[in-house]
Amino acid sequence: MQYKPKIWSWFLVIIIVISVVTAGVRFCIFRGGSSAEPTLRFVSIIHRHGDRAPEASYPLDPYRADSFWPEGLGALLQSGKIGLHRLGTFLRQRYDGFLAAKYLPAEIFVFSSFHDRCLMSASLVLAGLYPPLGTQLWNPDLKWQPIPIHTVPLTHDDIICVSKRCPLLSKEEAKWLATIQLKLEEQGLPLPEWAHTINRDRLRSLSDIGVLKHFATPTMIKLKSVRTLFVPRKESGRGSVNIGSSSQNYSCVLIKEILMNMELKANARERFERRLHLYSAHDGTIAYLWRGLSVTSEIERSSLSYGAALIIELHEINGKHQVKILYKRSHLDDNLMVLKIEGCKDSRGKETGDLCDLDIFSSALQHVAIDNFEKACEIPIEQT
């Protein structure tokens, strides 16, 4: 007698199949073609803010009215908000699987310039990177959740907009300007009278010399990258970090901070749960960092688009920690350019390709590493 399965058995099979297929579809949709590499261990991302309104106007400017810039000069534009949210979704797609789908405080640290456009840009990137899921969906009508963003006032910023006085840097710039003046005077022709009445500082920003002056000497390259950041050395059992303790404040070049985090991650004895450091910054930050990293290809500050990002990845391949540096030209361009670093060569003196051993990478950048801002800038002790 042939066995005929009961109706409820077929019903159960159908339910299971539908559940599996639905789960698979949801998984694929959410991952969106993730390309997170299994060798990835840590990422530092330094991005420029989104499109903004002009920072200044002039008396006959036809677009100076509030109707053109309702949120004020220098403020983030609607296109900038869209672009930086898009950057966040790009990062989710690239690092999904490496970063947890749900926001975990132990995994990420975000630092922003004090400028409103940078703080807002950081919020938008995070909104795209961590859309609320499950228990984190606190409002079904709002696909957003609050995530901490750290910053310091501009008067104390040694992190992104380096505004702290640096006597040694002032001396270097003065010597360089004197040299340039001598070269200009060698032509033997005086400037016309009208040239003495123009605002040279504004014109300087429109010329390449305004960019090149930041990197004229090795000392200027080093000091222009000075940064201070709270570096977590100890983490609680829940993975949270005690930010702000005086014992955890390290004054150093942004490069030094990036190196330190990668070394912490590579050191198996250190309990360092962090996976991503995100910096919401300016075009100048990326330009200074680019030069400080000794990237072989050139970049001009004027060519840095809104939403551009430097991405520094730490990988572990066959027991060795290696560094890859990528450049995202803007929030509109999802193609990543691999950057090469001068000095990243193997024992035979050959270029190491897209990856650079962490030890070699760190050694190649020691000439720009600063452990103490005051000492490096030759600030008298009584003024610190």
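The values are calculated or read from the model by the stated rules, or taken from the named source; none is laboratory data. None of the values given here were measured: they were computed from a predicted structure. Please note: Cβ atoms are built from the backbone with ideal geometry, for glycine as well, and neighbour counts cover all protein chains shown. The protein model used for the area step is the full one, side chains on, heavy atoms only, and it has no ligands, DNA or RNA in it. Shrake-Rupley method; radii C 1.70, N 1.55, O 1.52, S 1.80 Å.
Here are the numbers for the structure shown:
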| item | result |
| --- | --- |
| Ile311 vs. criteria open to solvent by less than 40 Å² (accessible area, probe 1.4 Å) and either out of contact with any Lys or Arg (no Cβ under 6 Å at 6 or more places or on another chain) or among the small types (Gly, Ala, Ser) (or both) | yes |
| Selection count where residues are in contact with a strand residue (DSSP E or B) (Cβ under 8 Å, 6 or more places away or on another chain), buried (at least 22 other Cβ atoms within 10 Å of the Cβ) and in a loop (DSSP other than H, G, I, E, B), scope the range 103-123 | 1 |
| Filter result (part of a loop (DSSP other than H, G, I, E, B) and surrounded by 14 or more Cβ atoms within 10 Å (Cβ to Cβ)) within the range 138-151 | Trp144, Gln145, Ile147, Ile149, Thr151 |
| The range 70-101: number of residues that are closer than 20 Å to His150 by Cα and open to solvent by 40 Å² or more (accessible area, probe 1.4 Å) | 2 |
| Residue check, Gly307 closer than 24 Å to Leu87 by Cα and touching a His at 6+ places or on another chain (Cβ under 7 Å) | yes |
| Matching residues in the range 38-64 - criterion: being open to solvent by 30 Å² or more (accessible area, probe 1.4 Å), among the polar types (S, T, N, Q) and at pLDDT 95 or above | Thr39 |
| Residues of the range 258-268 that turn out to be modelled with pLDDT of 85 or more and in a loop (DSSP other than H, G, I, E, B), as a count | 1 |
| Residue within the range 352-360 that is within 30 Å of Glu172 (Cβ to Cβ) and either at pLDDT 80 or above or among the charged types (D, E, K, R) (or both) present | yes |
| Single unsatisfied condition, Ser67 versus (1) part of a loop (DSSP other than H, G, I, E, B); (2) open to solvent by less than 50 Å² (accessible area, probe 1.4 Å); (3) small (Gly, Ala, Ser) | (2) |
| Top-ranked residue in the range 314-331 [being open to solvent by 10 Å² or more (accessible area, probe 1.4 Å) and touching a helix residue (DSSP H, G or I) at 6+ places or on another chain (Cβ under 7 Å); ranked as farthest from His282 (Cα to Cα)] | His321 |
